Amino acid sequence: MTDTFVAEELASQPETWRRAAALAPEFADALPQPGERVAVVGCGTSWFIAMTYAVLRERAGLGLTDAFAGSEYPVGREYDRVVAISRSGTTTEIVQLLAGLTTQKTVLLTAVGDSPAAAEADQVIALPFADERSVVQTRFATTGLALLRAGLGDDIEMLARQAEIALDLPIDDLLSAEQVTFIGTGPAVGLTFEAALKTREAAQFWAESYPSMDYRHGPIAIAQPGRLVWSLDEAPEGLVDDVEATGATFVHHDLDPQAALVVVHRFAVALAVARGLDPDHPRSLTRSVILAS
């Protein structure tokens with residue numbers, strides 16, 4: 001593990017997931033209720049977490065759940081509850097969206113309980129212990145997802161134990177790759193987008209992401225020796241053979257996709273350091289996107 005803020009923060013994920021699960025009963029009234037029509041919104045990493053939660057909630061049979069980028073929320077569409085995810089609570093699109101949703105119940109999931117977005121939300125779920133010094137998000141995003149999954153009844157202790165395994169899995173043999181494509185199905189799709197984003201952000205590295213079944217529909221054309229195809233969940237039948245026929249290396253760990261993302265976090269940080277970059281302060285990025293009025 002490298003000596004960076006983000007390396008320390010990603011290593012703390014098993015414990016912060018446990019803390020979030022313990023807090024879930026306290027926030028039960030703010031979390032989506034069974035049968036509600038729910039929209040979950042965020043920007044960047046938070047949007048991808050929203051996507052994952054939306055699939056998990058619908059699969060659990062708890063109600064229609066849509067996910068949107070903060071700027072793409074369909075104004076005029078009615079939901080019983082809108083959950084906004086924002087680490088800092090200062091992201092312009094989220095603050096403006098919450099301010100405009102005057103007829104729907106709104107909830108902010110954040111690390112900063114007294115932020116501008118918090119002032120606009122009806123209810124606030126604050127996880128200050130999951131906040132980060134690094135620009136790159138790791139533990140806040142996954143800790144927020146752990147809280148949301150606890151609200152669905154998922155076994156977060158099992159997830160935390162898998163994350164501990166993920167922190168020890170070898171990655172050195174992957175660092176010589178020249179390109180990586182992340183794939184997954186169902187709730188893992190959103191996490192593949194986050195995996196690719198983290199790799200691009202931290203390491204300025206060519207990373208792509210696709211639903212596993214869609215991977216054959218074009219993206220497989222770039223697969224070749226020296227490149228990785230990394231599945232965050234079990235690959236559909238025949239896909240491993242198709243990837244291996246290209247000469248690319250297929251990567252998969254037998255973990256819940258959320259825990260598998262921890263391996264990707266480690267890969268992205270190690271890759272950044274190997275390339276002489278500072279993963280705590282990626283170029284052109286800030287902790288929050290705050291736009292001029």
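The values are calculated or read from the model by the stated rules, or taken from the named source; none is laboratory data. What you see is a predicted model; the values in this text were computed from it and never measured. Here Cβ is always computed from backbone atoms with ideal geometry, including for glycine, and neighbour counts include all displayed protein chains. Ligands, DNA and RNA are stripped out before the accessible areas are found, and what is left, the full protein with its side chains, is counted by its heavy atoms. Shrake-Rupley method; radii C 1.70, N 1.55, O 1.52, S 1.80 Å.
So which residues in the range 264-280 are at pLDDT 80 or above and either of a type in the set (Asp, Glu) or surrounded by fewer than 17 Cβ atoms within 10 Å (Cβ to Cβ) (or both), if there are any at all?
ALA274, ARG275, GLY276, ASP278
Give all pairs with beta carbons closer than 8 Å in which a residue from the range 115-131 that is more than 25 Å from PHE5 (Cα to Cα) and open to solvent by less than 40 Å² (accessible area, probe 1.4 Å) meets a residue that is polar (S, T, N, Q) and not in a helix (DSSP H, G or I); count only pairs at least 6 apart in sequence or on separate chains.
Note: pairs meeting the criteria are ALA117/SER86; ALA117/THR90; ALA117/THR91; ALA117/THR110; ALA118/THR110; ALA121/THR106.
Any residue in the range 141-161 that is of a type in the set (Ser, Thr, Tyr) sitting within a Cβ distance under 8 Å of a residue that is open to solvent by 50 Å² or more (accessible area, probe 1.4 Å) and in a helix (DSSP H, G or I)? List the pairs, counting only those 6 or more apart or interchain.
The qualifying pairs are THR143/ARG19.
Considering each of ALA84, ALA67, ALA117 in turn, give the residue that is on the phi < 0 side of the Ramachandran plot and assigned to a helix (DSSP H, G or I).
Checking each option against the conditions leaves just ALA117.
Could you check how many residues of the range 172-189 are free of Cβ contacts under 8 Å to residues at least 60 places away in the same chain and either under 15 Å from ARG18 (Cβ atoms) or in a loop (DSSP other than H, G, I, E, B) (or both)?
Selection size over the range 172-189: 3.
Test VAL75 against the criterion of being at pLDDT below 95, on the phi < 0 side of the Ramachandran plot and either among the charged types (D, E, K, R) or surrounded by fewer than 19 Cβ atoms within 10 Å (Cβ to Cβ) (or both), and give yes or no.
Yes.
Across the range 27-42, what is the total count of residues that are surrounded by fewer than 24 Cβ atoms within 10 Å (Cβ to Cβ) and of a type outside the set (Lys, Arg)? Write out each step before concluding.
Step one: filter the range 27-42 for residues surrounded by fewer than 24 Cβ atoms within 10 Å (Cβ to Cβ), giving 27-31, 33-37.
Filter once more, keeping what is of a type outside the set (Lys, Arg): 27-31, 33-36.
The qualifying residues number 9.
Can you name the number of the only condition in (1) within 27 Å of ALA30 (Cα to Cα); (2) open to solvent by 10 Å² or more (accessible area, probe 1.4 Å); (3) out of contact with any strand residue (DSSP E or B) (no Cβ under 9 Å at 6 or more places or on another chain); (4) in contact (Cβ under 8 Å) with a residue 40 or more places away in the chain that LEU169 fails?
The failed condition is (1).
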